[in-house]
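Novice: Have a look at the structure that comes next, please.
The values are calculated or read from the model by the stated rules, or taken from the named source; none is laboratory data. As the structure is a prediction and not an experimental result, all values here were calculated from the model. All Cβ positions, even for glycine, are placed from backbone atoms using ideal geometry, and neighbour counts span all protein chains on display. Remember, those area values only see protein heavy atoms, side chains included, never the ligands or the DNA or RNA. Shrake-Rupley method; radii C 1.70, N 1.55, O 1.52, S 1.80 Å.
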Amino acid sequence: IELLDSEGSPCYTIPLGGCFRLRIEFAPSAIINNPLIGLGIDALAGGRVLSLHTPYSSQTIGPIATPCYAHCEVTDLPLPPGEYTLKLVLTENRQELETLDDALCFTVTDGDAFGDGRGFHRGTCIAR
């Protein structure tokens, strides 16, 4: 699992309101016909702050039979400055195949996301 910057290089920081890009490598030992991916982002201070999932209503990822990558992108990450951990869960037909707690740690840094001359003010999330 790698967090990527705008150039596609691995990183561990995202600027306030920046793009969250994640690359997940899969190397299955058997075919996974209906893979579903769940991501949980937790504040290092405690508590889930964001959950992301592939949709249950449609197959957005085809069967995984050989090593491959999945990409997740959140254009404007709504998290305030702080430190976070990422949990990854891979399921098929509602059966958990693999769980990685604390699979990645990253930091959201303060910045002028809105072009108004100041950074984060207060709250639990941000929006443009």
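Novice: Give me the pairs, please: first residue somewhere in segment 93-117 and under 21 Å from Leu50 (Cα atoms), second residue anywhere and open to solvent by 70 Å² or more (accessible area, probe 1.4 Å) and not in a strand (DSSP E or B), beta-carbon distance under 6 Å, and either six or more positions apart or on two chains.
Specialist: Matching pairs, first to second residue: Phe106/Tyr12.
Novice: Tell me, which residue of segment 66-99 that is charged (D, E, K, R) and in a loop (DSSP other than H, G, I, E, B) is farthest from the chain's Cα centre (by Cα)?
Specialist: Arg94
Novice: Can you pull out the residues in segment 3-13 that are in contact with a Ser or Thr (Cβ under 9 Å, 6 or more places away or on another chain) and either open to solvent by 70 Å² or more (accessible area, probe 1.4 Å) or at pLDDT 95 or above (or both)?
Specialist: Within segment 3-13, Leu3, Tyr12, Thr13 qualify.
Novice: For Asp110, are the conditions met, namely being within 16 Å of Cys125 (Cα to Cα), acidic (Asp, Glu) and at pLDDT below 95?
Specialist: When the stated conditions are applied, Asp110 passes them.
Novice: Further question on the same structure: Being exposed (fewer than 11 other Cβ atoms within 10 Å of the Cβ) and either at pLDDT 90 or above or of a type outside the set (Ser, Thr, Tyr) (or both) is the filter here, so list the residues in segment 52-72 that pass it.
Specialist: Pro55, Thr66, Pro67, Tyr69, His71
Novice: On the given criteria, is Ile32 touching a strand residue (DSSP E or B) at 6+ places or on another chain (Cβ under 9 Å), over 23 Å from Ile14 (Cβ atoms) and open to solvent by 30 Å² or more (accessible area, probe 1.4 Å)?
Specialist: no
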